[in-house]
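**Student:** Have a look at the structure that comes next, please.
The values are calculated or read from the model by the stated rules, or taken from the named source; none is laboratory data. Quick caveat: nothing in here was measured; it's all calculated off a predicted structure. In this analysis, Cβ positions are derived from the backbone assuming ideal geometry, glycine residues included, and neighbour counts consider all displayed protein chains.
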Amino acid sequence: MSQTSIRDYIRTIPDFPHEGVLFRDVTTLFADPRGFRMAVDLLIHPFAGRRIDRVAGLEARGFILGGAAAHQLSVGFTPIRKKGKLPFRTIAEEYTLEYGQAVMEVHDDAIQPGEQVLLVDDLLATGGTAAAGVRLIERLGGEVVGCAFVIDLPDLGGRKRLEGMGLSVHALTEFEGA
């Protein structure tokens, strides 16, 4: 079968990690050289001609996509990680998940004031993790030029949340439901 769209490369796994959930697996996209290249090119395309100084990726699949996007743009990459994973001084941002609280961190010198930053991740659901990443970037003085995702789950409201923060949101495909 010839795969012509990003959606064609994404595997759906029912009942993972919980019964009733349809997990959208991007590892099949990453495994295919054409699909992976297409995804990275399409993620950065809407931002062509804009100044981007750095790409920030959200743990963990955002590291894969963000690193490739940064390479394509010839800019630096900044990982935004779960609490306790970074070795240097960090700043932290707490956010709410459906089942409790979580914390994301970034090195306190990872972004310089005035840098234009593209935030990248594989999936946009409720937008909590992305919003925490945006707040970390802004606390360091960076300006978020946009947020790019492979998958948007519009029923969960993440796009509306980020757009409500005044952010440009770009997703390569959507899947209905949770």
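**Student:** Examine region 87-97 for a residue that is on the phi > 0 side of the Ramachandran plot, of a type outside the set (A, V, I, L, M), touching a Lys or Arg at 6+ places or on another chain (Cβ under 6 Å) and free of Cβ contacts under 8 Å to residues at least 60 places away in the same chain, and state whether such a residue exists.
**Tutor:** Just the residues of region 87-97 that are on the phi > 0 side of the Ramachandran plot, to begin with: none.
No.
**Student:** Shifting gears a bit: List, please: which pairs have Cβ atoms under 6 Å, are six or more places apart or on different chains, and start with a residue in region 58-81 that is in contact (Cβ under 8 Å) with a residue 60 or more places away in the chain and end with one that is part of a helix (DSSP H, G or I) and among the aliphatic types (A, V, I, L, M)?
**Tutor:** Sorted first by the residue in region 58-81, then by its partner, the pairs are A69/V40; A69/L43; A69/I44.
**Student:** Name every residue in region 3-43 that is touching a strand residue (DSSP E or B) at 6+ places or on another chain (Cβ under 7 Å) and within 28 Å of G114 (Cα to Cα), in order of residue number.
**Tutor:** A39, L42, L43
**Student:** Still on this structure, I have one more. Select from region 163-178 the residues that are touching a helix residue (DSSP H, G or I) at 6+ places or on another chain (Cβ under 6 Å) and buried (at least 17 other Cβ atoms within 10 Å of the Cβ) and write down the one among them that is nearest to T96 (Cα to Cα).
**Tutor:** Selected residue: V169.
**Student:** Name the one entry in G157, G142 that is surrounded by 14 or more Cβ atoms within 10 Å (Cβ to Cβ), among the small types (G, A, S) and on the phi > 0 side of the Ramachandran plot.
**Tutor:** G157
**Student:** A follow-up question, please. Only one of A48, A92, A110, A31 is over 16 Å from the mean Cα position of the chain (by Cα), more than 22 Å from L156 (Cα to Cα) and at pLDDT below 95; which? If you could, list the steps in order and put the result at the bottom.
**Tutor:** Numbers: A92 fails: at pLDDT below 95; A110 fails: at pLDDT below 95; A31 fails: at pLDDT below 95.
Checking each option against the conditions leaves just A48.
**Student:** Only one of (1) in contact with a Gly (Cβ under 6 Å, 6 or more places away or on another chain); (2) part of a helix (DSSP H, G or I); (3) surrounded by fewer than 19 Cβ atoms within 10 Å (Cβ to Cβ) fails for F77. Which number is that?
**Tutor:** (2)
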